[in-house]
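Remarks on the structure that follows.
The values are calculated or read from the model by the stated rules, or taken from the named source; none is laboratory data. What you see is a predicted model; the values in this text were computed from it and never measured. So basically every Cβ, Gly included, is an ideal-geometry build from the backbone, and we count neighbours across all protein chains shown.
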Amino acid sequence: MAIYPLIMGRKPDYHKPPRYRKQEPLHAMPKLLTKSVRQAGLPPGTLVYTGEPKDAAVKVTITHYDEATITDQEYDAFSECLPPVSPQGVTWIDVRGVHQVKNLEKLGECFHLHPLVLEDILDVEQRPKIEDYDDYLFIVLKTIRPFGSEGMASEQISLILGANYLISCHEVNGDIFAPVRERLLTSKGRIRKLGADYLAYSLIDLIVDNYFVHLDSLGDQVESLEDQVVTRPSPQTLREVHQFKNDMIMVRKCLWPLREVIARLERRESPLINDSLTVYFKDVYDHTIIAIETVETYRDILSGMLDIYLSSMSNKLNEIMKVLTIIATIFMPLTFITSLYGMNFKNMPELRWRYGYYEVLGLIVVIALGMLLYFRKRRWI
């Protein structure tokens with residue numbers, strides 16, 4: 001018997017062909033360092049959303065599938081509690097937007113989720129982790145995306161894996177799991193033949209692959225910035241280096257705990273994970289290690305850029321001071337000569353010389369050229 005989620009008082013039509021959805025615009029994400037909105041002294045399990053205030057609507061997508069059939073319906077909110085999930089097939093409930101606390105409360109009632117799980121979903125500053133609640137696994141992950149001129153931003157994604165269902169909660173209203181959904185709808189690969197644990201693996205693998213997409217883009221920008229630091233450093237260059245360093249710190253905070261999460265999934269500490277998925281999680285673990293090493297490499301390059309920038313600016317200043325010093329040194333004897341003959345004494349024999357003016361000018365030219373040749377010989381210019 002298929003699942004009949006009563007949402008918004010409507011019953012989904014499983015005979016209706018699946019439809020694709022346009023990706024909703026992403027909303028502003030918290031910066032690297034944010035102020036906590038939690039209040040001290042609240043009891044455990046108190047539901048408080050800690051992210052940036054949002055007015056965007058929440059989208060709930062329920063996908064039920066097996067090897068032969070699939071249904072995909074989208075709703076605006078939970079208005080009634082979901083009935084128990086059907087034991088046949090896999091049900092994927094995707095919640096895009098967790099800023100409306102009432103929706104999370106309704107979700108917790110439907111699936112008997114622990115209050116601490118709901119609290120962690122709403123606390124978007126969680127580190128990646130995995131917790132075993134016997135009947136389900138609670139997994140917190142982080143993904144990254146560009147955030148305009150302010151660099152990169154992180155997004156928290158929470159997964160709740162049950163025996164034959166998976167709940168995914170996004171911090172923002174953006175369908176980053178569109179490639180997995182497309183594979184489900186087009187019945188590509190083995191995803192329709194396996195259970196909810198394989199679906200969870202597919203989402204985690206997509207999140208890890210997303211790091212490589214953005215790290216490649218960051219790598220190109222870091223390479224361009226490195227050339228700029230060497231050839232034409234400026235205060236704007238220094239600001240960009242600091243921005244990239246902040247991005248690398250944020251990405252590192254997202255990736256390092258993720259390695260521990262995938263390692264636990266690889267060890268199959270829960271009966272909800274099939275033994276056949278070990279090799280898949282091992283592959284994701286290897287990709288995570290590569291991403292971490294890439295981040296560490298970029299951090300070392302950026303740290304070296306600061307030294308290069310300071311050296312470049314120091315060399316630039318030295319070149320400027322060198323030119324000014326040479327000019328001042330050349331004009332010192334010339335200034336002495338002109339000031340000497342600028343004195344208003346009557347008894348100055350040179351003033352009566354017929355060619356005195358031209359001789360002094362010639363002397364000035366000879367002294368200037370002589371000093372230039374001397375500096376050139378000493379390789380100071």
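Here are a few things to note about the model shown:
- Note on the stretch 100-145: residues that are part of a loop (DSSP other than H, G, I, E, B) and over 24 Å from L206 (Cα atoms) amount to 7.
- Within the stretch 196-217, tally of residues that are within 15 Å of L255 (Cβ to Cβ) and among the polar types (S, T, N, Q): 1
- The single residue among I273, I308, I290 that is touching a helix residue (DSSP H, G or I) at 6+ places or on another chain (Cβ under 7 Å) and either within 30 Å of D220 (Cα to Cα) or not assigned by TED's automatic domain parsing to the domain that holds S202 (or both) turns out to be I308.
- Against the criterion of being of a type outside the set (D, E) and closer than 30 Å to L194 by Cα, L310 does not qualify.
- Any chance I292 is outside any loop (DSSP other than H, G, I, E, B) and of a type in the set (A, V, I, L, M, F, W, C): yes
Rundown of residues vs (1) under 53 Å from the mean Cα position of the chain (by Cα); (2) acidic (D, E), yes/no style:
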site	(1), (2)
E296	yes, yes
L306	yes, no
M313	yes, no
K322	yes, no
P333	no, no
F345	no, no
Y355	no, no
Y358	no, no
I364	no, no
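- Some residue of the stretch 115-124 being at pLDDT below 85, crowded, with 19+ Cβ neighbours inside 10 Å, in the same structural domain as A200 (by TED's automatic domain parsing) and out of contact with any strand residue (DSSP E or B) (no Cβ under 6 Å at 6 or more places or on another chain): no
- Residue count for the stretch 43-69, restricted to those that are surrounded by 19 or more Cβ atoms within 10 Å (Cβ to Cβ) and at pLDDT 80 or above: 7
- Close pairs from the stretch 105-117: first closer than 12 Å to E131 by Cα, partner among the β-branched types (V, I, T) and buried (at least 18 other Cβ atoms within 10 Å of the Cβ), Cβ under 9 Å, at least 6 apart: V117/I160
- Tallying residues that are farther than 14 Å from I308 by Cα and among the β-branched types (V, I, T) within the stretch 219-274 yields 5.
- S270, sole failed condition from (1) touching a strand residue (DSSP E or B) at 6+ places or on another chain (Cβ under 7 Å); (2) not in a loop (DSSP other than H, G, I, E, B): (2)
- Some residue of the stretch 164-171 being part of a strand (DSSP E or B), acidic (D, E) and assigned by TED's automatic domain parsing to the domain that holds K253: no
- Only one of the listed residues (L351, L306, L334) is out of contact with any strand residue (DSSP E or B) (no Cβ under 9 Å at 6 or more places or on another chain), at pLDDT 85 or above and at negative phi. That residue is L334.
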